[in-house]
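> Have a look at the structure that comes next, please.
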Amino acid sequence: MAKLTKVKTRTKGDTTEVLVLVNHPMETGQRKDKKTKQKIPAHYIQKITFEHNGKVVADANLGAAVSKNPLTAISIKGAAAGDKIKVSWSDNKGESGGGEATVA
Amino acid sequence: MTMKRRTFLKGTLAGGALTVAAGSGLLKPTDVLAAAWPKGAFDAKSEADAVNAYFGTSSASDNPAIKVKAPIQAENGAVVPVTVEAGVDGVESIAILVEKNPAPFATSVDLSGTAAGLYKTRIKMGKTSKVTAYVKAGGKLHTASSTVKVTVGGCGG
């Protein structure tokens, strides 16, 4: 399953908000399949790392209690136009992905 | 239309997950990536235990400078938007906990460098509960909370 990662930035004054949307099921491991009565195994993102110009600024830990297709945001102070934002994530099954954006 | 789409999505998701499970023969999460992931905090069954596991202390003081923005009433417990704005200097980490969830520790973020004190995400909530943000700044733990009423839970599906 291809997983899309969208990274967007929004600048207001001297703070830039970095929004990340990952297309991910975020299964808790509690849900049961109605047909097979089997528990659907847990499958969720555990780590999202934000980099600003190559330096890690935020390292988010996610649990199964985060909604599916998680939208996560942090903010950065004093980012200039053209700065590079890189986001990468990994889940409990070893899948990973990421995206990049440039501060507008 | 919506219902059909829902059923279809559930079907495909379950199918995909089972194929992966059968293929690898293991349902365990990979330990390599989970190394830096605070498993103890996520596994804790009570809020105090989770805070203790993550921050190493559970003594926190209420701080009006921390703002937790969450809806008063969430119609859908599966998607509850929560924003934490920490109006204090030197924010090191922010954690969001849902008191009444089976595992209260929902998510956290460690900030450094140019990052400002803001964390926004969407969480699942089983039932009406207090949503608490713990902010570590300058070696101290600050907290603030907000109660969210949930009419339809998001943990059963």
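The values are calculated or read from the model by the stated rules, or taken from the named source; none is laboratory data. Here the structure is a predicted model, which is why all the values come from computation and not from measurement. We place every Cβ from the backbone using ideal geometry, glycine too, and count neighbours over all the protein chains shown. Ligands, DNA and RNA are stripped out before the accessible areas are found, and what is left, the full protein with its side chains, is counted by its heavy atoms. Shrake-Rupley method; radii C 1.70, N 1.55, O 1.52, S 1.80 Å.
> Hey, which of the strands (runs of 3 or more DSSP E) in chain A, taking only ones fully inside, have at least 1 residues that are without any contact (Cβ under 8 Å) to a residue 24 or more places away in the chain and buried (at least 17 other Cβ atoms within 10 Å of the Cβ)?
It comes to A:55-62.
> Let me confirm something: among B:T143, B:T147, B:T151, which residue is open to solvent by less than 20 Å² (accessible area, probe 1.4 Å) and hydroxyl-bearing (S, T, Y)?
After ruling out the rest, the residue left standing is B:T143.
> Still on this structure, I have one more. For A:K93, are the conditions met, namely being modelled with pLDDT of 90 or more and farther than 19 Å from B:P81 by Cβ?
For A:K93, the condition - modelled with pLDDT of 90 or more and farther than 19 Å from B:P81 by Cβ - is met.
> So, one more: Any idea how many residues of segment B:100-140 are touching a residue at least 60 places away in the same chain (Cβ under 8 Å), within 26 Å of A:K32 (Cβ to Cβ) and open to solvent by 20 Å² or more (accessible area, probe 1.4 Å)?
1
> Here's something else I'd like to know. Test B:A21 against the stated conditions and say whether it is surrounded by 14 or more Cβ atoms within 10 Å (Cβ to Cβ) and at pLDDT 85 or above.
No.
> So B:A95 passes all but one of these: (1) touching a Pro at 6+ places or on another chain (Cβ under 8 Å); (2) crowded, with 20+ Cβ neighbours inside 10 Å. Which condition number does it fail?
Only one criterion in (1) touching a Pro at 6+ places or on another chain (Cβ under 8 Å); (2) crowded, with 20+ Cβ neighbours inside 10 Å is unmet by B:A95, namely (1).
> When only residues in segment A:1-31 that are touching a strand residue (DSSP E or B) at 6+ places or on another chain (Cβ under 7 Å) and among the polar types (S, T, N, Q) count, which is farthest from the other protein chains (Cβ to nearest Cβ)?
Selected residue: A:T5.
> Still on this structure, I have one more. Checking B:S58 against (1) more than 12 Å from the chain's Cα centre (by Cα); (2) crowded, with 17+ Cβ neighbours inside 10 Å, only one condition comes out false. Which one?
That leaves (2) as the condition not met.
> Among the residues of segment B:67-92, which ones are touching a residue at least 40 places away in the same chain (Cβ under 8 Å), assigned to a strand (DSSP E or B) and at the interface with chain A (Cβ under 9 Å from one of its Cβ atoms)?
B:V80, B:P81, listed by residue number.
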